[in-house]
1. In chain A, which Cys residues have no partner Cys with a Cβ closer than 4.7 Å?
2. Over what distance in Å are the Cα centres of segment B:57-112 and segment A:1-78 separated?
3. In segment B:23-94, which GluC sites (Glu not before Pro) are in a loop and have at most 12 other Cβ atoms within 10 Å, using DSSP for the loop call?
4. Provide, as a two-decimal number, the C-alpha radius of gyration of segment B:50-114 over 2.2 N^0.38 Å, N being how many residues it has.
5. For B:THR38, put the label point 7 Å out on the Cα→Cβ axis and report which residues of segment A:1-37 keep their amide N under 19 Å from it.
6. How would you classify segment B:19-84 from its alpha-carbon gyration tensor, with a ≥ b ≥ c the square roots of the eigenvalues: rounded for a/c under 1.5, else prolate if a/b is greater than b/c, otherwise oblate?
7. Among the listed pairs A:LYS42/B:LYS57; A:LYS2/B:LYS14; B:LYS14/B:LYS71, give every one whose C-alpha distance is greater than 27 Å.
8. Rank these for me by crowding, B:PHE65, B:PHE21, going from fewest to most other beta carbons within 10 Å.
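Bear in mind that the values in this text are calculations on the coordinates, not laboratory data. Just so we're clear, the structure is a prediction, and the values are computed from it rather than from any experiment. Cβ sites come from the backbone with ideal geometry, for glycine too, and all protein chains shown count toward neighbours.
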Amino acid sequence: RKEVEQDPGPFNVPEGATVAFNCTYSNSASQSFFWYRQDCRKEPKLLMSVYSSGNEDGRFTAQLNRASQYISLLIRDSKLSDSATYLCVVNKDKLSFGAGTTVTVRA
Amino acid sequence: DTGVSQDPRHKITKRGQNVTFRCDPISEHNRLYWYRQTLGQGPEFLTYFQNEAQLEKSRLLSDRFSAERPKGSFSTLEIQRTEQGDSAMYLCASSLADAGDEQYFGPGTRLTVT
């Protein structure tokens, strides 16, 4: 079983729509959680850390459910520039990355 | 630009040759990580350093791979006797210990082994 599993998508949404997706992780002792964004043939860039109480950064909301071992990301009012692959990342001594969820926002 | 830098950005080599990549982390970061990423997958951890000490190596890292960070600043990753399966993007990241484990990535070195 992979340490971090994500729905690869793609999620194809119109501008202005809300899109949400999850990932699950296998190690219950994981300590910290992140969402990274990766554009085609570019390096991953930190989007946001994920806290137990849930947190928001502008149009992005992240939630963590430790009991069920999943993390979610919601993007409101999506923009064309949100088109990217979103990597779910879990830390237990080292970072483990999911394979990514691809989001395409169309005009 | 004070971000993580990597050199070269692209490397094409023939099978059996040795290659070396360099990573310069963000200057105040004491942790440095190497990852490998293939198409359609997330980055896979290879190894990491805290200052000059190599603290962990993945089982993915065969004997042909070696990494150094001699002065606790830049790092090199060497692959000896390259194989076609080594073709991938090699990513370096850095972080500040005890600063939330947030890692910042360099642009990567894309290796193609022919």
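1. A:CYS40
2. 25
3. Hits after loop and neighbour filter: B:GLU28, B:GLU83.
4. Values: Rg = 13.2 Å, N = 65, 2.2 N^0.38 = 10.7 Å.
Segment B:50-114 yields a ratio of 1.23.
5. Counting only backbone N, you get A:1-6, A:8.
6. Prolate shape, in that a/c is at least 1.5 and a/b is the bigger ratio.
7. Values: A:LYS42/B:LYS57 25 Å; A:LYS2/B:LYS14 32 Å; B:LYS14/B:LYS71 31 Å.
Pairs exceeding the cut-off: A:LYS2/B:LYS14; B:LYS14/B:LYS71.
8. B:PHE65, B:PHE21
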